[in-house]
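The values are calculated or read from the model by the stated rules, or taken from the named source; none is laboratory data. Computed from a predicted model, the values in this text were never measured in an experiment. Quick reminder, even Gly has a Cβ in these numbers, built from the backbone with ideal geometry, and neighbours come from all protein chains shown. Ligands, DNA and RNA are stripped out before the accessible areas are found, and what is left, the full protein with its side chains, is counted by its heavy atoms. Shrake-Rupley method; radii C 1.70, N 1.55, O 1.52, S 1.80 Å.
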Amino acid sequence: MNEFPLITAHTGCMGAPDNSAESASLGIAHGADIVEDDIRATRDGVLVLSHDDDIELTDGTTGSIAGMTLAELNARMDTPLQLLEPVLKSVVDAGRRMNLDIKADDSIAPVSELVDKLGFTDRVFLTGCEFSRAIQVSECHPRLRKLLNIDVRVYRSLPYPEAVRKMCEQAREAGCFGLNLPYQIVQPSLLEAAKDAGLDVYIWTVNEESQMSSFAQMGVRSITTRNVDVLARLKRNWSREG
């Protein structure tokens, strides 16, 4: 029997708002091994949790995280942006790891600086890294671990075996320890090719119990889910059956 996959709590899990401290806490409380959040940097280099750069301001206009300082943003928002640093510390204090999903290149250097400052190199890894961004991470901070985000367009333009081969080659060239991809394109042959290349396979976002069980049996390394409690229950049953 395969080892059960690592449980990754989606940035908005257990009904909590996306990119919130509440979601991270609930993920940990319900059995997550890893907490995922989306990362952006303000104009003054402060790391915050947000999927999009555009932010709705109190006057009805739209602001840009990358184009405004943290003080400017928070002064014009109903709810202040959630800072990465306290969430990261709480995740590590709980003995978990954090998946920092980098949403823009300008976040790479601030993330590297924060991780070094806290001494958390072995407690975090990066996603959101297609090939060019993965190369930038390697150049900025070679010790930061990262997954290669699969460019799904490759799977539309190439035969499946060739697309898999290309992605594995790019992951190794960029110094990634694995592949990060939507579950819909995972097939056994991809898992076999990744294993042969020494790469882990992390998949997102699986919320149905039957699919969780199927991918666990296939041997993926991690499953990202909003329903952490369901995946954790499967893990407990898996351990008893094993």
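Quick notes on this structure:
- The loop-placed trypsin sites (Lys or Arg not before Pro) in the range 118-157, going by DSSP, that have at most 14 neighbouring Cβ atoms within 10 Å of their Cβ come out as 143.
- Per residue, the solvent-accessible area of the chain (1.4 Å probe, heavy atoms of protein chains only, all protein chains present) comes to 46 Å².
- For the chain, averaging the sequence separation of C-alpha pairs within contact (under 8 Å, six or more residues apart) and dividing by the residue count gives a relative contact order of 22 percent.
- Here the label points at residue 237 and residue 217, each 7 Å from Cα along the C-beta direction, are separated by 1.2 nm in the simple model.
- Hydrodynamic radius of the chain per Kirkwood, over alpha carbon pairs, in Å: 18.5
- Among 81, 102, 155 - extreme Cα towards positive end, dipole of the chain, charges at beta-carbon: 155
- Considering only 4, 48, 137, and ranking their Cα positions along the charge dipole of the chain that arises from unit charges at the beta-carbon of Lys, Arg, Asp and Glu, the one farthest toward the positive end is 4.
- For GluC sites (Glu not before Pro), the sites in the range 181-242 that DSSP calls loop and that have at most 13 other Cβ atoms within 10 Å are 208.
- Radius 12 Å from Cβ of residue 87, net charge of other residues (Lys, Arg +1; Asp, Glu -1): -4
- Globularity ratio of the range 1-131, using Cα Rg and 2.2 N^0.38 Å: 1.07
- Evaluated with a Cβ-only charge set (Lys, Arg +1; Asp, Glu -1), the range 1-156 carries a dipole of roughly 520 debye about its Cα centre, given to the nearest 20.
- The range 62-171 pair-distance distribution - Cα-Cα, 5 Å bins, rounded %: 2, 10, 18, 17, 16, 15, 11, 6, 3, 1, 0
- Stokes-Einstein D in µm²/s, Kirkwood radius over Cα pairs - the range 197-242 at 25 °C with 0.890 mPa s viscosity: 224
- Only lysine pairs 8 or more places apart, or on different chains, with alpha-carbon atoms under 21 angstrom apart are counted in the chain, and they number 8.
- Of the solvent-accessible surface of the chain, computed with a 1.4 Å probe and all protein chains present, 46% belongs to carbon and sulfur.
- The range 1-90 - share of DSSP beta bridges that are antiparallel (%, nearest 5): 80
- When peptides 225-234, 31-40, 112-121 are ranked by their average number of other Cβ atoms within 10 Å per residue, the highest-first order is 31-40, 225-234, 112-121.
- Rg and Dmax over the alpha-carbon atoms of the range 108-242 stand at 15.9, 45 Å.
- Percent of beta bridges antiparallel (DSSP, the chain, rounded to nearest 5): 20
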